[in-house]
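A.B. asks: One structure is given below, represented as structure tokens, and several questions about it will come after.
FYI, it's all coordinate maths here, none of it is from the lab. Everything numeric in this text was worked out from a predicted model, so none of it was measured. Glycine gets a Cβ as well: all are built from the backbone with ideal geometry, and neighbour counts include every protein chain shown.
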Amino acid sequence: MPSKKLFEVRNEIFVKNGIPALKKKGFEESPYKGVRFGKIDSGTFVYDLCRLKADSQLETITTYISKGDSWIKVFLNVFQLHPALKSIDKLKALTGTQYLLPPNSVTRMRLRVNGIKGMPLFNTVEHKIKSFYTESGFQKRVSELSELIESDLTNIDSFINRWHELHQPLVTDWEGKEIAKKE
């Protein structure tokens, strides 16, 4: 199977199953300037989505689909915005690149890879197209991945709860610059 077809199929799976599942949970395309939402070059799709919780926590989901591998890489991170924010629309004129850089990226959790409970050796459920040998095997693998992406992103709150078990949200301003803690 040509890698270009696998690349396109993985993107199609995420667009058809992942994005609608996240939108049902209140996520939307990130409002920041320079947002990545689709193909950014000939070998990469990136989707930045977020939602704002009532307590001014910004939950971000960034998904990478690259031509050189068989994964759909979904990353989750949570930030506490200060001052408090009532509407995500106020972020539209701002840049959010700081959310992708350290120290903010240190608490980023990849779904189905980071934050798993138990022995990683036994974690066989992954966001990737597993091996296949026939066209019907390929279709089965595509169906399995489609169902897994939809299920995981429909149940994104369980991953967010796990993130909170492992991390504390960094307190940042609206552009993602960390606000120093008062001691």
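A.B. asks: Please list, or write none, the aspartates and glutamates whose alpha carbon is within less than 17 Å of the alpha carbon of Lys92, excluding same-chain residues fewer than 8 places away.
C.D. replies: Those aspartates and glutamates meeting the cut-off are Glu28, Glu29, Asp48, Glu59, Asp173, Glu175.
A.B. asks: I need Ser87, Ser105, Ser30 ordered by Cβ neighbour count within 10 Å, fewest first.
C.D. replies: Ordered from fewest to most neighbouring Cβ atoms within 10 Å, Ser87, Ser105, Ser30 come out as Ser87, Ser105, Ser30.
A.B. asks: Next question. With a Förster radius of 41 Å, plug the Cβ-Cβ distance of Ala93 and Glu144 into 1/(1 + (r/R0)^6) and report the FRET value to the nearest 0.05.
C.D. replies: With R0 = 41 Å, the Cβ-Cβ based efficiency is 0.45.
A.B. asks: Report the normalised scattering of the range 3-172 as log10 I(q)/I(0) at q = 0.20 Å⁻¹, calculated by the Debye formula with identical scatterers on the alpha carbons.
C.D. replies: Debye intensities relative to I(0), on a log10 scale: -1.44.
A.B. asks: Right, here's the next one. Reachable lysines from Lys5, Cα under 29 Å, same-chain residues fewer than 8 places away excluded?
C.D. replies: Within the straight-line limit of under 29 Å, Lys5 reaches these lysines: Lys16, Lys23, Lys24, Lys39, Lys67, Lys73, Lys128, Lys130, Lys140.
A.B. asks: For the chain, what is the mean residue ellipticity at 222 nm derived from helices alone (per DSSP H run of n ≥ 4: -39500 (n - 2.57); sum divided by total residues; nearest 500 deg cm²/dmol)?
C.D. replies: -8000 deg cm²/dmol
A.B. asks: Still on this structure: For the chain, what is the percent of antiparallel DSSP beta bridges, rounded to the nearest 5?
C.D. replies: Values: 27 of 31 bridges.
The antiparallel fraction comes to roughly 85 percent.
A.B. asks: Further question on the same structure: Which net charge results when you count Lys and Arg as +1 and Asp and Glu as -1 among the other residues whose beta-carbon is under 13 Å from that of Gly26?
C.D. replies: Taking every Cβ under 13 Å from that of Gly26, the sum is +1.
A.B. asks: Tell me the net charge near Thr95. Cut-off is 9 Å between Cβ atoms, Thr95 excluded, with +1 for each Lys or Arg and -1 for each Asp or Glu.
C.D. replies: With Lys, Arg at +1 and Asp, Glu at -1, the neighbours total 0.
A.B. asks: Here's a follow-up. Could you tell me which residue out of Val46, Tyr133, Ala21 lies farthest along the dipole of the chain toward its positive end? Charges go on the beta carbon: Lys and Arg +1, Asp and Glu -1, centred on the Cα centre.
C.D. replies: So the residue furthest toward the plus end is Tyr133.
A.B. asks: In nanometres, what is the gap between the two model label sites at Thr44 and Glu8, each 7 Å from Cα along Cα-to-Cβ?
C.D. replies: Rounded to a tenth, the inter-label distance reads 2.2 nm.
A.B. asks: Going by how many other Cβ atoms sit within 10 Å of their own, how do Arg10, Arg51 line up, fewest first?
C.D. replies: Going from least to most buried by this count: Arg51, Arg10.
A.B. asks: Still on this model: Listing Leu52, Leu153 from the residue with the fewest other Cβ atoms within 10 Å to the one with the most, what is the order?
C.D. replies: Taking fewest neighbouring Cβ atoms as first place, the list is Leu52, Leu153.
A.B. asks: Once you keep just the Cα pairs under 8 angstrom separated by 6 or more residues, what percentage relative contact order results for the range 3-172? Please report the intermediate quantities before stating the final value.
C.D. replies: Numbers: 236 pairs, mean separation 42.9, N = 170.
Computed value for the range 3-172: 25 percent relative contact order.
A.B. asks: Net charge near Cys50: determine it from the other residues with C-beta under 9 Å of the C-beta of Cys50, scoring Lys and Arg +1 and Asp and Glu -1. Mind dumping the intermediate values first?
C.D. replies: Values: positive: Arg51; negative: Glu28, Glu29, Asp48, Glu59.
Every neighbour counted, the sum reads -3.
A.B. asks: Ok, one more. Can you tell me the dipole magnitude for the chain around its Cα centre, using point charges on the Cβ only (Lys, Arg +1; Asp, Glu -1), in Debye to the nearest 20? Write out the running numbers ahead of the final one.
C.D. replies: Numbers: 29 positive and 22 negative charges, 34 e Å.
For the chain, the charge dipole is close to 160 debye.
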